Amino acid sequence: MFKKNRYLSKFGFNQSEQRGIIVLLFLILAFSTFNKFYSFQKASSFDSSSEEIVTLQQQIDSLEKVALEKRKPKLYPFNPNFITDYKSYVLGMKPEEFDRLKAFREKNQWINSVTDFQQVTQVSDQWLDSISPYFKFPDWVTRPKPKRNTSNFDKEKTFSEKQDLNLATEEELQTVYGVGTVLSSRILEYRTKLGGFTDEVQLYAVYGLSPSTINNILKQFAVKTPKELSKMNINTASASDIATLPGISFPLAKEIWEFVMLREGISSFEELRQIENLSAKKLQLIQLYLFAE
């Protein structure tokens, strides 16, 4: 300080002026330091309403929603008749709603539809819209089998009363005793493959149809609009030609062809009865497609 005062005294400042200058210098230094610090703080602050901050906040919110969804229990299809107390809590049901369901089930009654569930529990439409897509009812509830008139199983209709087999639907075929969804589907698939039935005997070529079931079908149905067929001469047909006939395998076709060739032709299909592997029904079947001349 003494050196500074002596330095300032060289410029003609007295002691009082020297003190004033020193104080002024101190204030200038302090103000400069404060200004730099304040500018740094201002530069470090951010505007929460800026586009960048809003976008960042939206991304954070989106990630939080994803994390929240992952924490939620994953729902799988379930039968609402077997909702437990804990399950109802997880699904967000109100206690009184679950109590109504529990009381209903304790009476040995069953929920068979979404409408039934809401009527019994009185849950809100909003809850039902979000949860009911996971309801799974047994097939016998959602797809009941057609009712069959058992009293008519043994009663054969007249030809005019019978339905046309070429126009029958799966549901109509399923009214026949012994015909379910699988067999009715096979019958229609085979009919489509043939382009329509020509004779009832063609049913014997449908896999899985037993003679008794075919007999039941023919009590209710008949081929009223037969498909016309162009026949081949068995005496000139090759084994490959015969193998194209529905229900005839190539080994059997070859056996038939060899039988015909060894006899240099046949005049009647009755001769083919000598072939051991040719059943009476298949013999009847091939006569739809072949003739002997």
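The values are calculated or read from the model by the stated rules, or taken from the named source; none is laboratory data. Given the structure is predicted, the values throughout are model-derived calculations rather than measurements. FYI the Cβ positions are ideal-geometry reconstructions off the backbone, even for glycines, and counts take in every protein chain you see.
For first residues located in region 106-132 and under 16 Å from Asn79 (Cβ atoms), partners that are assigned to a loop (DSSP other than H, G, I, E, B) and lie 6+ apart or on another chain with Cβ distances below 6 Å form the pairs Phe117/Ile111. Being of a type outside the set (Ser, Thr, Tyr), under 34 Å from the mean Cα position of the chain (by Cα), surrounded by 17 or more Cβ atoms within 10 Å (Cβ to Cβ) and farther than 20 Å from Ala280 by Cα is the requirement here; does Leu183 meet it? It is true that Leu183 is of a type outside the set (Ser, Thr, Tyr), under 34 Å from the mean Cα position of the chain (by Cα), surrounded by 17 or more Cβ atoms within 10 Å (Cβ to Cβ) and farther than 20 Å from Ala280 by Cα.
Considering region 207-239, the residues that are among the hydroxyl-bearing types (Ser, Thr, Tyr) and more than 19 Å from Val182 (Cβ to Cβ) include one that is surrounded by the fewest Cβ atoms within 10 Å (Cβ to Cβ), namely Ser230. Restricting attention to region 78-90, the residues that are among the hydrophobic types (A, V, I, L, M, F, W, C) and either out of contact with any Phe, Trp or Tyr (no Cβ under 8 Å at 6 or more places or on another chain) or without any contact (Cβ under 8 Å) to a residue 12 or more places away in the chain (or both) add up to 2. Would you mind stating whether Ile242 is crowded, with 18+ Cβ neighbours inside 10 Å, in a loop (DSSP other than H, G, I, E, B) and either touching a helix residue (DSSP H, G or I) at 6+ places or on another chain (Cβ under 9 Å) or of a type in the set (Ser, Thr, Tyr) (or both)? Spelling it out, it is not the case that Ile242 is crowded, with 18+ Cβ neighbours inside 10 Å, in a loop (DSSP other than H, G, I, E, B) and either touching a helix residue (DSSP H, G or I) at 6+ places or on another chain (Cβ under 9 Å) or of a type in the set (Ser, Thr, Tyr) (or both).
The residues of region 82-139 that are among the small types (Gly, Ala, Ser) and under 30 Å from Thr181 (Cα atoms), listed by number, are Ser113, Ser132. Filtering region 65-81 to residues that are at pLDDT below 90 and out of contact with any strand residue (DSSP E or B) (no Cβ under 9 Å at 6 or more places or on another chain) leaves Lys65, Val66, Ala67, Leu68, Glu69, Lys70, Arg71, Lys72, Pro73, Lys74, Leu75, Tyr76.
Tallying residues that are in contact (Cβ under 8 Å) with a residue 24 or more places away in the chain, surrounded by fewer than 19 Cβ atoms within 10 Å (Cβ to Cβ) and either farther than 21 Å from Gln287 by Cβ or aromatic (Phe, Trp, Tyr) (or both) within region 191-206 yields 1. Among the residues making up region 229-243, those that are of a type in the set (A, V, I, L, M, F, W, C) and under 21 Å from Gly195 (Cα atoms) are Leu229, Met232, Ile242, Ala243. Would region 248-259 turn up any residue that is surrounded by fewer than 18 Cβ atoms within 10 Å (Cβ to Cβ), modelled with pLDDT of 90 or more and more than 22 Å from Ser279 (Cα to Cα)? No; the residues of region 248-259 include none that is surrounded by fewer than 18 Cβ atoms within 10 Å (Cβ to Cβ), modelled with pLDDT of 90 or more and more than 22 Å from Ser279 (Cα to Cα).
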